[in-house]
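Notes for the one structure printed next.
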Amino acid sequence: MKYNYIISSMSGKSIIALMISMMLTISAFAENMQGVTVTGLVRGSDGTALPGVNVVLRGTQIGTITDISGAFTIEVENENSVLVFSYVGYNTEEILVGNKTVIDVELIEDITSLTEVVVTALGIQREEKSLGYAVGRVPGDELTRVAQENVLNSMAGKVAGVTINSTGGAGSSVSMVIRGATSLSTDNQPLFVVDGVPITNTVNNVGGFGSDNRVDYGNAISDLDPESIENITILKGPSAAALYGTRAGNGVVLITTKKAKKNEGMKVTVTSNTVFDIPSKYVNTQTRFSTGFFSFRPENVGGGVLPDINPGDGTGNGPENDQGFWAVQWDAPLDANGQPVPTEVRSYPDNIKNFLNDYAFTTTNGATISSGASAVNYRLGFTNMTHSGLIPNNDLNRNNLSLAASSKLSNKLTIGIDLNFSNSWADNRSSSNRGSNPLQWAYSHPTNIDILKLQDYGSGNDILRVSNNHENPYFLANEVNNSFNRYRVFGNVTANWQISPAFSIMGRYNMNKSDETEESKIAP
């Protein structure tokens, strides 16, 4: 900061000059501290506007994307800030802001991406630009950046034209649809191929017994270990069916697992990842009225105490809460003669928050050992996943063991094995059906009754039996237990004989076997 002042005179003009100089300097300093707004346009080399380009302030998480006309606006810290422009299929550009407030950028196509090789059916490699159908790709590190219990959930929003939908909470079936539904008689899911092994990912693994106790135990892809996946290639459209037959009419998802890198020495890798799910918003429900069919006020019934409020009435059209009204309610205390005593009719807006756990967490721990020696190439990995849900007494666990190895027995003969073993289990999977779903009944709980009072349902106190029209969500969560234990083995053994540099023969044995035990225990 520079101060210009005059010491030879203390006249009024000198004082004014000093004040103006200081004001201008302070103003410039303040402006520099507030940051700079930068705008601009992003175009391709042919002059076409590029929408959806990522514009990020280097070294931070601050960023934006260009709109449909290629325009962007971003706030930067100062003139030393650097903007990073990135877009799929184009080279990344970094530009120093300097004293510019308008920056127009021209992105150049990444020629190397046009010659990328895609592994299609039976391990056949083709250049991406030579294929007659669209291809989407997701690298393995994108699947573990935020660990999910199901690898498909990690793919949501990463491939254009692909829709990922979960049928329930953690461990439930996850559906994947490419370019929209085409049939009303099937689930429209693509064919999944893991290391050459076709896997059907239907969403019909539903079991459980008892009244309205329908339980989703998860589909086949939920058994995959995200930590062992190298990349995922999505072959879009019915043209992909030419490679795999009619089962691939909805597209194909090729999943390649990790292998040891060639000529790499022995390597040990340990990973740990924990994700917390914390509710930030709940379904809006009315808490203004208690249960009942008529919104009585004291003046409607001659003043004083309102008629008894029966939780069995179900509908939320009873007396208004939090207005100073009194009535005999479900949890009314008893006087010396055993008669219920009226209590204030008030609302409990935090019932859902109080019922759910404060957070759900998913912890994934894994270790791998690999070696890319020329004689024997191998990668052995183990991963453990533990999940505790938002609904009380809800869990999910999985152990995965994977082995990928190959050996060159001679100059012409190579054998290899890809083997994946998984064990998924849970002590309790909550019902996904309306009749026995704890969360459903927590939301249906009367607004004028504190849900925490239902926890002690085993005390024998009659007031804890709400009514035949309302299930106790704590009872459903703790006393209707649906457990399962599933083992799955899939993989292949291959032998490749290189007859000549241009001709080879490959034989492969594929296996996909699962065994599942489901059990439901319901208290009287």
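Just a few scattered comments:
- Of all the numbered requirements in (1) open to solvent by less than 40 Å² (accessible area, probe 1.4 Å); (2) within 19 Å of the chain's Cα centre (by Cα); (3) free of Cβ contacts under 8 Å to residues at least 40 places away in the same chain, G180 misses one, and that requirement is (2).
- Hits in segment 407-462 (condition: among the aromatic types (F, W, Y) and not in a strand (DSSP E or B)): W441, Y443, Y457
- Where S422 falls short, out of the listed (1) open to solvent by 10 Å² or more (accessible area, probe 1.4 Å); (2) modelled with pLDDT of 95 or more; (3) polar (S, T, N, Q): (1)
- Considering residues of segment 425-437 that are over 23 Å from D515 (Cα atoms) and touching a residue at least 60 places away in the same chain (Cβ under 8 Å) only, the residue most open to solvent (accessible area, probe 1.4 Å): R434
- Total residues in segment 400-414, condition open to solvent by 40 Å² or more (accessible area, probe 1.4 Å) and either among the acidic types (D, E) or at pLDDT 90 or above (or both): 5
- Strands (runs of 3 or more DSSP E) enclosed by segment 156-257 - at least 1 residues per element that are more than 23 Å from N420 (Cα to Cα): 162-166, 174-178, 229-235
- Counting only residues that are open to solvent by less than 70 Å² (accessible area, probe 1.4 Å), among the hydrophobic types (A, V, I, L, M, F, W, C) and assigned to a strand (DSSP E or B), segment 510-524 holds 1 of them.
- Test: residue in segment 355-363 that is over 30 Å from A332 (Cα atoms), under 20 Å from the mean Cα position of the chain (by Cα), of a type in the set (D, E, K, R) and assigned to a loop (DSSP other than H, G, I, E, B): no
- Subset of segment 44-87 (residues that are among the β-branched types (V, I, T) and part of a loop (DSSP other than H, G, I, E, B)): T48, V53, T60, I62, T66, I68
- Tally, over segment 314-325, of residues that are touching a Phe, Trp or Tyr at 6+ places or on another chain (Cβ under 6 Å) and surrounded by 18 or more Cβ atoms within 10 Å (Cβ to Cβ): 3
- Qualifying residue in segment 256-274 (condition: open to solvent by less than 50 Å² (accessible area, probe 1.4 Å), at pLDDT 90 or above and closer than 12 Å to N448 by Cβ): no
- In this entry, D223 is excluded by the filter for residues that are closer than 24 Å to E519 by Cβ, in contact with a Lys or Arg (Cβ under 8 Å, 6 or more places away or on another chain), charged (D, E, K, R) and open to solvent by 10 Å² or more (accessible area, probe 1.4 Å).
- Residue count for segment 289-331 under the criterion of being at pLDDT below 85, assigned to a helix (DSSP H, G or I) and touching a strand residue (DSSP E or B) at 6+ places or on another chain (Cβ under 9 Å): the result is 3.
- Residues satisfying the criterion are absent from segment 68-91 (criterion: open to solvent by less than 10 Å² (accessible area, probe 1.4 Å), touching an Asp or Glu at 6+ places or on another chain (Cβ under 8 Å) and modelled with pLDDT under 90).
The values are calculated or read from the model by the stated rules, or taken from the named source; none is laboratory data. Keep in mind it's a predicted model, so treat the numbers as computed, not measured. Here Cβ is always computed from backbone atoms with ideal geometry, including for glycine, and neighbour counts include all displayed protein chains. Accessible surface areas use protein heavy atoms only, side chains included; no ligands, DNA or RNA. Shrake-Rupley method; radii C 1.70, N 1.55, O 1.52, S 1.80 Å.
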